[in-house]
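Have a look at the structure below before the remarks.
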Amino acid sequence: MPVGTHLKHRRILTGVAGVAALALLVSGCSSASSAASGSSAAATSSAGATSSAAGSMSAAGGSSSGVTSSGAAASGAAAQAAAAKAAVAPFLVAPTKINQSVPLTAKIPTDKPWVLITCELPQCKTISDGAEAAAKAAGIPTKLLSYKTTDGTTMTSSMKQALTYNPVAVSPIGFTQAVWDSLQPQYRAAKVIITPLSLGDTAPSDVVTQGASSQLDYSSGGKTMANYVIADSSAAAHILVQDVPAFAVLKAYGDGFKAQIKSGCTACTVSDLDIAPAQLSTGSLVPAVIAALRKDQSIKYLVSTDGAFLVGISTALKAAGIDGVKIMGGSPDINNLTALKNGQQTAWTGAAENQTGWVALDIIGRTLNKQAVAPVDGGRVTQVFTQDNVGVPSATGMSAPADYQAQYLKLWGLS
């Protein structure tokens, strides 16, 4: 049954700075199963043929080592595909539970404001709106400051201004820790914690808490997509990974994907296509992808660390006469999900960015209570979307779990 899915609409920016900011914020069930099952059947058939051939060669006094090796490889691929299928299966259904389960030992203080520092992009608004909704539900006042993604000094200024409100915590949304990291001594002196949201280079300290939706979440998403590819290809994929490694969250996704392919798929091959930020503003990303696919026609999987960058990819593939390439990756926008629904693309890992603020407030509560905080507070909810489960693509945030607000409020002792 299709699952109603709601993901953010992500604007494709033409300026290099705008694209960089976008990246910093980004920071099928049956098809995967049938592919993995088919792999197992094929491996069994191959193993049987190998056994028969080996017996004949042995009787004739010949060597069977080559055939035996082939059978072992087939058996190994089947095992790897089965393991990947099992690993990705939970992500093919809509999540029903948030990833936090331990109640707070005390309620979050409501006498001081939570300062949020947002930007001018729609993605920032989705995240900050979710954070304000979490604070309102918990009875915590908020103060909203802003910065411009084209000018890092505006983030630094807002981080300084935030301290003047005597906050319970300050949460910068996106950009990079480098522009405010030098302010940690001031925050330490003021006894104010910093809880970053959607930051790709979060470095926790006694001042900086675990981040909500950090590089750890993106790396995990890449690993999940790798398992999807391994299962779908019967552990024999040749993959083109298109990345923009200058952006930390995208590099984390790409690195997570490639690490899992390396450890979980002996026969898989990865070809890298690293794009420089300047190429994004000139519209040369898709032509570079087409050139790479033309150069090596054995590539049948295209994995992008940021789906929003693949504007016009389906049309370009058709014009180039390239078919049989499955398109997938991370951080899909409404265009990717629509193409997924129409069968033009294959799979995307999506996340509930409108819940990032709820995760952040949970981290703040645990930190103030001196409770243990798991890395990224257990992680954000995510799902691998396919044509079978994408439902009706939407420009709003992913809504699953349907009752996530109630689940958080229960943990916080407010329901």
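The values are calculated or read from the model by the stated rules, or taken from the named source; none is laboratory data. All figures in this text were calculated on a predicted structure; none of them were measured in a lab. Here the Cβ positions follow ideal geometry from the backbone for every residue, glycine too, while neighbour counts run over all protein chains shown.
Numbers for the structure displayed
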item: Single condition Lys326 does not satisfy, out of (1) touching a Ser or Thr at 6+ places or on another chain (Cβ under 7 Å); (2) crowded, with 22+ Cβ neighbours inside 10 Å; result: (2)
item: Tabulated pairs, the range 169-191, first among the small types (Gly, Ala, Ser), second in a helix (DSSP H, G or I) and buried (at least 16 other Cβ atoms within 10 Å of the Cβ), C-beta under 6 angstrom, 6+ apart or interchain; result: Ala169/Ile364; Ser171/Ala360; Gly174/Leu24; Gly174/Leu25; Ala190/Leu163
item: Any pair with Cβ under 6 angstrom, 6 or more apart, that starts in the range 224-239 at a residue that is more than 14 Å from Ile299 (Cα to Cα) and modelled with pLDDT of 95 or more and ends at one that is of a type in the set (Phe, Trp, Tyr) and outside any helix (DSSP H, G or I); result: none
item: Selection from the range 209-222 of residues that are assigned to a helix (DSSP H, G or I) and of a type in the set (Gly, Ala, Ser); result: Ser219, Ser220, Gly221, Gly222
item: Hey, Ile364 within 30 Å of Asp274 (Cα to Cα), crowded, with 22+ Cβ neighbours inside 10 Å and either outside the structural domain of Val249 (by the TED database) or among the β-branched types (Val, Ile, Thr) (or both) or not; result: no
item: Hits in the range 285-329 (condition: within 18 Å of Gly221 (Cα to Cα) and hydroxyl-bearing (Ser, Thr, Tyr)); result: Tyr301, Ser304, Thr305
item: Enumeration of residues in the range 315-340 that are more than 14 Å from the chain's Cα centre (by Cα) and within 25 Å of Thr382 (Cα to Cα); result: Val325, Lys326, Ile327, Ile334, Asn335, Asn336, Leu337, Thr338, Ala339, Leu340
item: The range 147-168, residues that are loosely packed, with under 14 Cβ neighbours inside 10 Å and among the hydroxyl-bearing types (Ser, Thr, Tyr); result: Thr153, Thr164
item: Among the candidates Gln344, Gln407, Gln387, Gln371, residue that is assigned by the TED database to the domain that holds Val170 and assigned to a loop (DSSP other than H, G, I, E, B); result: Gln371
item: Cβ-Cβ under 8 Å pairs, at least 6 apart or on other chains, the range 143-160 side farther than 29 Å from Asp111 by Cβ, far side of a type in the set (Asp, Glu); result: Lys148/Glu120; Thr149/Glu120
item: Helices (runs of 4 or more DSSP H) completely within the range 223-302 that count 2 or more residues being over 14 Å from the mean Cα position of the chain (by Cα), of a type in the set (Lys, Arg) and outside the structural domain of Phe175 (by the TED database); result: 285-295
item: Cβ pairs under 9 Å, 6+ apart, first in the range 344-373 and over 30 Å from Asp388 (Cα atoms), second acidic (Asp, Glu); result: Ala360/Asp377; Asp362/Asp377; Ile363/Asp377; Arg366/Asp377; Val373/Asp362
item: Set Ala138, Ala78, Ala82, Ala89: member being out of contact with any Cys (no Cβ under 7 Å at 6 or more places or on another chain) and either within 15 Å of Gly365 (Cβ to Cβ) or among the basic types (Lys, Arg) (or both); result: Ala138
item: Some residue of the range 369-389 being over 30 Å from Ile290 (Cβ atoms), surrounded by fewer than 16 Cβ atoms within 10 Å (Cβ to Cβ) and either among the hydrophobic types (A, V, I, L, M, F, W, C) or touching a Cys at 6+ places or on another chain (Cβ under 8 Å) (or both); result: yes
item: Given (1) farther than 19 Å from Lys85 by Cβ; (2) modelled with pLDDT of 95 or more; (3) small (Gly, Ala, Ser), index of the condition Gly256 fails; result: (1)
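Conditions tested, residue by residue: (1) surrounded by fewer than 16 Cβ atoms within 10 Å (Cβ to Cβ); (2) within 27 Å of Thr149 (Cα to Cα); (3) touching a Leu at 6+ places or on another chain (Cβ under 9 Å).
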site	(1), (2), (3)
Gly222	no, yes, no
Ile230	no, no, no
Gln242	no, yes, yes
Ala278	yes, yes, no
Leu285	no, yes, yes
Tyr301	no, no, yes
